[in-house]
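Comments concern the structure below.
Read-outs throughout are calculated quantities, based only on the coordinates presented, and are distinct from any laboratory measurement. The model shown is predicted, which means the values in this text are computed figures rather than measured ones. Positions of Cβ are generated from backbone atoms using ideal geometry, with glycine treated the same way; all protein chains shown enter the neighbour counts.
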């Protein structure tokens with residue numbers, strides 16, 4: 001995709017962008033189209049963090065198989081994120097606990113944060129985009 | 001203040017585009033500028049000129065067009081999201097244009113605030 005190439009708005013400004021992923025990977029298109037924005041933002045050399053909270057933690061679970069619902073399986077994209085220098089991945093502790101998930105259930109390395117730690121991280125951002 | 005607006009839901013089913021419109025209009029009235037609105041996800045459906053809502057209802061795409069004409073607001077529709085949903089240059093209402101996600105990222109980088117409207 002040509003949009004994925006290195007981009008520059010000419011300003012040289014680097015802002016902190018947080019992408020807040022709140023929804024399950026399938027059922028709605030938010031997770032898939034949200035990932036596209038994340039990749040483009042990284043191509044602009046911005047400081048990107050991704051947070052997975054609520055049903056958004058399901059975006060990262062191992063063993064996704066979408067054959068039965070006949071839609072594209074994009075879960076491999078999360079493992080390719082470090083190739084775009086997107087290494088700041090955070091998950092919400094309570095959302096994991098509520099769904100019986102641990103870090104071992106996830107396809108990528110993440111930092112697990114409490115609600116308070118998450119609030120502090122959000123407060124540091126310039127831009128928070130929620131999908 | 002320069003305000004960028006991101007709209008993630010289509011017209012009528014969701015209130016997002018209406019709320020964004022009222023926010024943008026009020027912000028401009030108060031002396032702020034809204035240089036660009038970016039339409040993503042089903043938000044791209046706001047851009048069609050083919051919608052003909054009942055006369056006693058608001059026309060969502062048309063009132064964005066009017067705001068754009070009066071205040072120079074750049075109405076940008078995401079190309080990838082538009083292609084998925086059959087939105088092409090042929091169906092765009094006045095003032096809208098189709099472009100890439102880079103236009104959204106630019107709003108975040110260049111403006112004072114980026115405000116999201118959607119679920």
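Things worth noting here:
- Debye-sum result for the protein assembly as shown in log10 I(q)/I(0), which assumes one identical scatterer on each alpha carbon, at q = 0.16 Å⁻¹: -1.21
- Rg to Rh quotient for chain B, alpha carbon positions, Kirkwood Rh: 0.93
- The stretch B:46-101: C-alpha gyration tensor shape, a/c 1.5 cut-off, then a/b vs b/c: oblate
- By other beta-carbon atoms within 10 Å, ranking B:56, A:54, A:92 with the fewest at the front produces B:56, A:54, A:92.
- Once the Cα gyration tensor of the stretch B:1-58 is diagonalised, semi-axes √(5λ) in Å: 22, 14, 9
- The fewest-to-most ranking of A:50, B:1, A:7 by surrounding Cβ atoms within 10 Å reads B:1, A:7, A:50.
- Counting Cβ atoms of other protein chains within 10 Å of each Cβ in A:125-131 and taking the mean gives 5.
- Scoring B:4-13, B:84-93 by mean Cβ neighbours within 10 Å over their residues and listing the highest first yields B:4-13, B:84-93.
- From the alpha carbon centroid of the stretch B:24-55 to that of the stretch A:36-91 is 29 Å.
- In whole angstrom, the stretch A:8-103 maps to an equivalent ellipsoid with semi-axes of 25, 16, 11, each derived as √(5λ) from the alpha carbon gyration tensor and ordered largest first.
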